[in-house]
Each structure stands twice: as structure tokens, then as C-alpha cells.
Amino acid sequence: MKLPDMTLSSDSRVKWFVLILVSLIQLAVLGYIGWRWHNITVDGIPYQWQCVPRLEVSSFGTDYIRVVFPQDTAPWMDVAEPEEHQTIYVHIARDDKGMMEIKGASASKPLIGGDYMEARVVSYHDGNVQFQVGFNRYRIAPDKADGIYDITSGDSVIASIRMKKGLGVIEGIYVNGIPLEASSNGAAMEAARSARQGDGGSRTSGRSRIIESGMVPPKEE
Amino acid sequence: MEHIEMKWLEQQIREWESKGWVSHEGAVQIRHILEMKTGGIPLPLLIIVMALGLAIAGMALIWGLSGFWYQTGFAFRIGLAAGLLLFSQIAVGAGMLRSQQGTWAGEAIAVTHILILGVALAIALQTYYVGWDTSSYLAGWALLSLPVIYLLRSAGAVILYALGVLFWAASGGPVNAPGGAAFMWILLVLLVPFYGLLQSHNDEIRLSVYSWTLTITVFAAFGLAALDAEYIPFLLLATLAAAIMLTGYSIDIRKAWGVPFRWFGRGAAAGSLLISSLPASWYGIARIQGFHWTTITVTVILFLSIMALLLKGVKKRFWGPVLYAGIPVIIAAETMLVRSGLYSSVPLIVSSIYLIFIGFYEMVQGIQSGHTKHTKFGVCVLLCLVAAFFWGGSVSPLVPVVAIVILALVLVQIRRTSDSRRDAAERARHRTDLRHNVTTVRANRKTRSRRKKQQTPVRVTEDPAVPAEETADTPDTAGTADAGEDMPEWMKAIHMPELKEEQKSPAPPADTVKPREPELSRFTPPVFHNPDDIPLPQAAPAREKTQTPAAPARPHGSPWGNAAPRPEREKHFTHSPWSSEGGDRK
């Protein structure tokens, strides 16, 4: 059996080296994207920020909801006016309750010790800049997103955020201190299902129910 | 089943026709209707139904997959992305191993790899979401896909890369990119070594694809980046255009891939000059604080490359490239003038005049060398200039001046062209006439006069104003006059005497060249005599005088040495052809 010639010229050796290097870099980029997210969720500084969740409209459904932060303006701290779509750094801090406070916005990062978040300029007017942050999605199972419909204007809706090096990840959304997922039909169905399973266990012990728990409306008004 | 039914129907129709129940025409009509009704679904309808069906099936598939996708965890998603990417990388390696560089298979592998890379990146970024930035995504995708262009020598990958850069520029990428718009140029410059790679492999098809793609991308990206700029960077455009055009001129004129460089560069250079001839374009230049350092750097680099190309790269052709290379120099000088606070009409006037000059230069180039593209380009340049002045939003007092200058130059050029054409035609005719000798000219004249004589009755009937007798009596006069009209001016003054032999039988022009008769050899071998036999010279003269007819034995030496005296030619007095009025020649 004749073996193929596996000797490589110096030119092709360079090509193979480049291919291997490029492949590793490409895979490393994927790895970095995942690592960055995990790093923020683990090492990021927690903040709480008032928000308004909105259902995302899509033909094929989504597994996340859109999160709008009403506090989207900050005093501009630089002399030169910002451009539209320019990346800026919003200087932030925490108050006594752990809520996020916006100090101002600048084209440069704050000095050592100051926390910040990256944002894009939407508009600029009278020394105030309107911005939009990148972390505007909260991942949620499709069957647990309908708790949004129960939110009223008087409710306190808080997003729990982890921030690191200007990037943020939304850990959870709480409506009056209760997670959004917990106030959904999906959660009620799950609770009912688990209750049914519990009932099934008790049925075997001889107790009977007239109405199935799944038929009960999932939430009480 | 349908076939059987058709056969039965055909039999029935034939039977009805034979029985006389239906006429022959009726049977034909029935057959026609049957064919129409049983012809099946027409093709367009079938295509529409198929397309709709496929679309519905595709949507159902996506819907089902998305339902499944939302139930999957992060690990599955990133694993899928990495798996897809790894598969495409292995395919690239296999393509390299099988030496598929620069082949259709290599193209397919490279394009697939780049698309999968884009999908994998999108999956990762959407799964581990910290914010979606289209421009960052496109920049990363383009940079990561660049190596495969070189590894598999793929022109398709170049197109995808160029599209990525264009979309990146359109999505506002230069605003947040490191170095601003300079990053866009870096992304495009990364493609430049690919030209050398293709040239080293003499891959002409990919070279053409590459040159067209890169030229279009450069100018489109420039336009997209300029949309966000505070001013129109026409100085940068002019330097870029001149550099690209000179690159095109450094390529062999017969090679197809030099065409886009030359013509896009020429067009962009003229366009930048056109922009600089409008007052509104200078307001931004005068208003800004200062040019960005990247703009200045790129401009300087391009200027240096223009000089290098002019000195070394450009072959054979010189004035065209130099003319266009002057555009960035002029605009740079005008910019300095405006930036130094001396804002006046000088830049507008200089740019306009130079543009008019370029327009006429291109037109003349096209007319002289027969390249109509140059002529069209020149005309377009002039028309665009006029249109820009009228519809540019601000009418300058320069408009009438430019219009007058253009018209004057057009008229001068037309006159010069027509004069030179007439002179060239005259010279050509003169040269043709000089080829004839006196005999052929006279013969031609005779032929023409005879032809006119034959045509005279027709002319008589055509012109009722002239008496028929008068015209019939003077055919020779008319013929001679016509011949005189046909002759050039310099020949009309010369009067040629007519020979008698030619009057009798005018030879056609073809007979004027008579083949030379072969000369018989007149060589006489020398005869050696005994010196005693030679008669004394005293007795010789009387005999020698009598032997003069033996002269033909003379041509031992040069025929021109001692020519024999010619017999005197009989003198013929020339008669004017008008003296006899041609009456006795009928």
C-alpha cells in the first residue's frame, strides 16, 4: 500500500500553521464570548435598576423579553458634544438601598474606583445626553413571559444587574420583589402540576378530589 | 387512465365526423378544446404553487426548530456553534490538503466557511448576550474570515469580505472603530496583498473579479463613511482616485483587471474636482476645527503612492495619468487657501477650468485615437459641470463664464477638427493624384469625357431649362468642364498637349502600363586576330564610316555612356480642344 507523501515544504508548513492558528483564534473567540458572560455574572458588581419589561414581537417567538430602562439620560460631562451612535461611558454608583445612581456621562472612562457602563448615544440636548445600554434583554422561557401583563403602573419593577468593565448582564426582574417568572401562567401551571403530582401521591393513599388542579385558573385575581 | 379516455374520445370524434354529425371544422374545434382542457397545469402556475409550498414548508420548519431551540440550554447552543465552526475549519484543511486553492471546490469551501463563521459568532453573541452591536459583529466576522481568502485563494470569499466591510461602514462602524474611518481603510488594505497572490498564480479570472470588487467596495465604502462626516472629503477622494487610477495604468493595458482601476479612478478624480467647483462643498472645509489625524495620514500616504506610481509604475502612457495626478495637487492647494482664511472664488474658478480642460482633453483623446469611451467621458464631464452649476443649489456668477468658455472651446475644437480633416483629405487626394503621370491623367480625362458624353442625353432630359440642342452640340466642352471640376486646383492651371496616336485610340488606364519587352542579349564574343591580319589604321576610316549601321553591337558598356543621338521628334502643334469644338470627332 502506497502511503501519501506527507512531507511539507516550508511554504505549505506556513500555510498549515496559519490555518491551525486561525482555527484556534476563531474557536477562542467563541470561548471568549461565553467566558465574558459568565465572568460578568460571577464577578460583576450587582446593581438594581428600575426597568420596564416589554414582550418582544417575533414571528417565530423568542426566549427573551425586552427591558427598557426609563433612566436613560445623564448630564454630559465633556466639552465636546457627543455624536449620535457614539459609544459613551455612563458613570454610575449605588445609593444606600443598593439602587443604581447615574452620575453623568462622558466619552472617557472614569478614573480608578469609579464604576461605569457602556452605552450608545441616542440624542444630545442642552447638556444632557440620552443613551441606550447594551444589556436590554432578559432571557426567559416563552411560557413564563406572560407575567408582564399583570404589571401595573404602581408596581415596583426592578432589574437585578451585574456590571463589569462597562458590560452588564440582567440576572433577574422582580415585580414587587417577586421574580417575573413566578407571576406567569407557566409558573402557575408548574405549581399546579407539582401539586397534582403531590395529589397523585396522596391519591394512592386513598384521598380523592372532584376538580383537577390543572383546571383551576392559574392565578387568583 | 387519462390516456385511455383521450383515445376513446378521439375515436368518438372520428366516428361522429364520419357519420356527419359534426363537420370537419367542428371536430378540429373539439380537439382543440380538449387539448386545452387536458393540457395539465401551466408551468408558471406550477412554479408559483411550488414556491408557495416550499415557503410554507420552510416557515413550518423554522417554526418547529425555533420551538426546539428555545428549549435548549446554553451549552448546547455554544457546542453547536463550535461544532459547526470546527467542521468548516476541517473542510478548509481538507481543501488545502487536496490542493483546491483557486478552484470551484475551494471557492465553495471558503464561502461556506465564512458563512458558518458568521452563524457561529451570531449564535455565541445571542446566547451570551451582553448587548448586540451590528458593526462590531461585522468587523469581527470580516477580520476572522480574512485568512481563508488567502488560504484557499477564493474570489467569492473576497466578495463576502467586501460586503461585510460595506455593511459595517453602513451600520455606522467608523464612528466607534479605533481610528474612525482609518479602520475602514485598514480593513480594505488587508485585501491588497491578495492581488499579488493572484498575480503570482496568473489567475486572470479571479484578478478581474478581485479588481472589480475592490474598486467598487473602496468607492462605496468611501461614500458611506463620508455620509457621517461633517464635510465632503473630496481631497481624500481625489488622492484615492488618482492612486487607484495610476495603479490601473501600472497594469498592462491589455489585461482586463486594470480596467476598473483606470475608469473608476478617472471618474472619481473628475467627480472630486466637480465637487470642488461648487461653493457649498467648501463651507464645511472652512468651518471645521481641523482635519482628523487619520485623514491627514491617509492623504499623505496616498500622495506618496501617487508619486511612486508616477515614477515607476506607470508605463508608456504619461500625459493622461499626469493630468489626473494633478487633481489632488490642485485640490490640496485650494484647501490650503481656504483653510488659511482666504476664501474666495479662486478655488471654484481653478477647479472649473481644470475640469473643462480635462473634459476637452478626453474628447480630443477619443476623437484622435478613435476611443469613443474617452469622448463620451469628456462630454459627460462637461455636461455634469454645467448641470452642477445650474442645479447645485447655489448659482455662482461663474456660471455664464463657464458656459461661454465651454461653448467657445467647443466651437474652436469643432473648427480645428474639421480643418484638420479637410487638410488631411486634401493631402491624401494630392498624394493619390501624384501617382499618375501625364499619360494616365490624360487618359482618365478622356475616359471621363467619354462617360459624360454618353450621359449627356439623360442630363438634357433632367434639366429642361437648358436647350437640348445647345447641350447636345457641346458635349466635349461640358465633359471637359466637368473633368476640370473634378480635377484639383493645382492641376487646372496645367495644360497638357494631346498626342495624335492617343487622339485616334485613347487607351484605357489599364493599358497605360505596358509590359517591358525582354531585351535580347547583344553580347558579341571577342574575336582574336593575328596582329598581321589587322589592317592598318590609314585604310580604316572610309570603311568604318560605312559600317555605322552595326551600332547595335555597342552595348558592351553602359547604355547611358554614349547614347546614340535620338531621331528628331516630329513637332506637333498643340490645338486647343475648344478650337475644333469637337465637331469633327464624332
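The values are calculated or read from the model by the stated rules, or taken from the named source; none is laboratory data. Given the structure is predicted, the values throughout are model-derived calculations rather than measurements. Heads up, the Cβs are rebuilt from the backbone with ideal geometry, glycines too, and the neighbour counts pull from every protein chain shown. Only protein heavy atoms, including side chains, enter the accessible area calculation; ligands, DNA and RNA are left aside. Shrake-Rupley method; radii C 1.70, N 1.55, O 1.52, S 1.80 Å.
Residues in segment A:21-44 include none that are touching a residue at least 40 places away in the same chain (Cβ under 8 Å), away from chain B (no Cβ under 14 Å) and either surrounded by 12 or more Cβ atoms within 10 Å (Cβ to Cβ) or not charged (D, E, K, R) (or both). Scanning segment A:142-153 for residues that are assigned to a loop (DSSP other than H, G, I, E, B) and modelled with pLDDT of 85 or more turns up A:ILE151, A:THR152.
The set of residues in segment B:134-153 being farther than 16 Å from B:ILE109 by Cβ and more than 8 Å from chain A (Cβ to nearest Cβ) consists of B:THR134, B:SER135, B:SER136, B:TYR137, B:LEU138, B:ALA139, B:TRP141, B:ALA142, B:LEU143. Among the residues making up segment B:351-389, none is closer than 24 Å to B:THR239 by Cβ, touching a helix residue (DSSP H, G or I) at 6+ places or on another chain (Cβ under 6 Å), β-branched (Val, Ile, Thr) and open to solvent by 30 Å² or more (accessible area, probe 1.4 Å). Based on what the data block shows, is A:ARG66 under 20 Å from the mean Cα position of the chain (by Cα), farther than 30 Å from B:GLY67 by Cα and within 13 Å of chain B (Cβ to nearest Cβ)? Judged against the criteria, A:ARG66 is not a match. If you check A:VAL52 against the conditions, is it open to solvent by less than 60 Å² (accessible area, probe 1.4 Å), without any contact (Cβ under 8 Å) to a residue 60 or more places away in the chain and among the β-branched types (Val, Ile, Thr)? Criteria not met by A:VAL52.
Is segment B:80-91 home to any residue that is without any contact (Cβ under 8 Å) to a residue 24 or more places away in the chain, under 30 Å from B:LEU207 (Cβ atoms) and open to solvent by 50 Å² or more (accessible area, probe 1.4 Å)? For segment B:80-91, residues without any contact (Cβ under 8 Å) to a residue 24 or more places away in the chain, under 30 Å from B:LEU207 (Cβ atoms) and open to solvent by 50 Å² or more (accessible area, probe 1.4 Å): present.
For segment B:206-287, list the helices (runs of 4 or more DSSP H) that sit wholly inside it and hold at least 1 residues that are over 23 Å from B:VAL379 (Cβ atoms); which are they? Full working, then the answer.
Details: elements: B:234-250, B:259-276, B:280-287.
In segment B:206-287, B:234-250, B:280-287 are the helices (runs of 4 or more DSSP H) which contain 1 or more residues that are over 23 Å from B:VAL379 (Cβ atoms).
So which of B:LEU65, B:LEU115, B:LEU85 ends up being facing chain A (nearest Cβ under 9 Å) and closer than 30 Å to A:SER12 by Cβ?
Selected residue: B:LEU85, the only one of B:LEU65, B:LEU115, B:LEU85 that is facing chain A (nearest Cβ under 9 Å) and closer than 30 Å to A:SER12 by Cβ.
Residue under question is B:ALA105, and the condition is that it be more than 41 Å from the chain's Cα centre (by Cα) and either modelled with pLDDT under 90 or open to solvent by 20 Å² or more (accessible area, probe 1.4 Å) (or both); does it hold?
Numbers: more than 41 Å from the chain's Cα centre (by Cα): no; either modelled with pLDDT under 90 or open to solvent by 20 Å² or more (accessible area, probe 1.4 Å) (or both): yes.
When the stated conditions are applied, B:ALA105 does not pass them.
Could you please give the count of residues in segment A:100-128 that are open to solvent by 50 Å² or more (accessible area, probe 1.4 Å), part of a strand (DSSP E or B) and hydrophobic (A, V, I, L, M, F, W, C)? Step through it out loud before you land on a result.
Step one: list which residues in segment A:100-128 are open to solvent by 50 Å² or more (accessible area, probe 1.4 Å), which gives A:101, A:103, A:108-109, A:111-113, A:118, A:120, A:122, A:124-126, A:128.
Still in the list and also part of a strand (DSSP E or B): A:101, A:103, A:118, A:120, A:122, A:124-125, A:128.
Checking the rest, the ones that are also hydrophobic (A, V, I, L, M, F, W, C) come to A:122.
Residues in segment A:100-128 being open to solvent by 50 Å² or more (accessible area, probe 1.4 Å), part of a strand (DSSP E or B) and hydrophobic (A, V, I, L, M, F, W, C): 1 in total.
Based on this model, can you work out whether B:GLY131 counts as in a helix (DSSP H, G or I) and of a type in the set (Gly, Ala, Ser)? The answer is no for B:GLY131.
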